[in-house]
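Each reported figure results from applying straightforward, stated rules to the coordinates on display, with no laboratory input. Note that the coordinates shown come from a computational prediction; the quantities given were computed from them, not determined experimentally. With ideal geometry, Cβ positions are generated from the backbone for all residues, glycine too; neighbour counts draw on all protein chains shown.
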Amino acid sequence: MPSARGRALVVVAIVAISTPLAIVFETVARRWMMPPEFEEVRAWLEPSVTPWMWLTPFAAALGIPLGLRLQRWLVARNLARIPDHRRSPVTEATAVSDAMLLSTSVPQVPAVLATLGLLIGSAPTPVLLATAVATAGVLVIGVVSTRRLPA
């Protein structure tokens, strides 16, 4: 049976690829389901939407230290809530894993918003940049979180 750290790293990898997969899904669904005229609407909206989407890579980058801070706070809170008679390596690992799942979402929120921006007409460059930053943020927060788990 894999260790708690090994299982957590698998979860981190799955969470990390979720935002890039959302872009792929959005693009495929848009091309498959939307009428050709929708591309004209997107082209018309592109000059208005793209400047706003350039904020998302910076927001995703800001989400990394915020996610790390949230992760530390959640772990401390979760561990403090475990009564002494129930404390075990399994309950402590669960507390850390729960904190990891929530805190890795912080850098992903701007990337998800960027994906919606892509849907309504944004140029792809800021969206892809936000996705790359968010994916790196998930990996950083996830690896830092897994260091608290038994090997």
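Quick one: length gained pulling residue 82 to residue 26 fully straight, 0.36 nm per residue minus the C-alpha distance?
Going from the current span to full extension adds 16.1 nm.
Can you give the translational diffusion coefficient of the chain in µm²/s, computed by Stokes-Einstein from the Kirkwood radius over Cα pairs at 10 °C and 1.306 mPa s? Walk me through the intermediate numbers first.
Details: Rh = 16.6 Å.
Estimated diffusion coefficient is 95 µm²/s.
Net length available on complete extension from residue 102 to residue 46 is 16.9 nm, with 0.36 nm assigned per residue and the Cα-Cα distance removed.
Look at where the Cα atoms of segment 1-71 and of segment 112-137 average out, and the two centres are 6 Å apart.
Please work out whether segment 63-108 counts as rounded, prolate or oblate from its C-alpha gyration tensor, where a ≥ b ≥ c are the square roots of the eigenvalues and a/c under 1.5 means rounded, while otherwise a/b larger than b/c means prolate and anything else oblate? Walk me through the numbers before you get to the answer.
Values: a/c = 4.08, a/b = 2.42, b/c = 1.68.
Prolate shape, in that a/c is at least 1.5 and a/b is the bigger ratio.
Once the Cα-Cα distance is subtracted from the 0.36 nm per residue extended length, the residue 128 to residue 144 segment shows a gain of 3.3 nm.
Estimated from helices alone, the mean residue ellipticity of the chain at 222 nm is -28500 deg cm²/dmol (sum of -39500 (n - 2.57) over DSSP H runs with n ≥ 4, per residue). The Kirkwood radius of segment 1-54, taken over pairs of alpha-carbon atoms, gives through the Stokes-Einstein law at 37 °C and 0.692 mPa s a diffusion coefficient of 232 µm² s⁻¹.
Treating the beta-carbon of each Lys and Arg as +1 and of each Asp and Glu as -1, no other charges, what is the dipole magnitude of the chain about its Cα centre, to the nearest 20 debye? Let's see the in-between values first.
Details: 13 positive and 8 negative charges, 182 e Å.
In total the dipole reaches around 880 debye.
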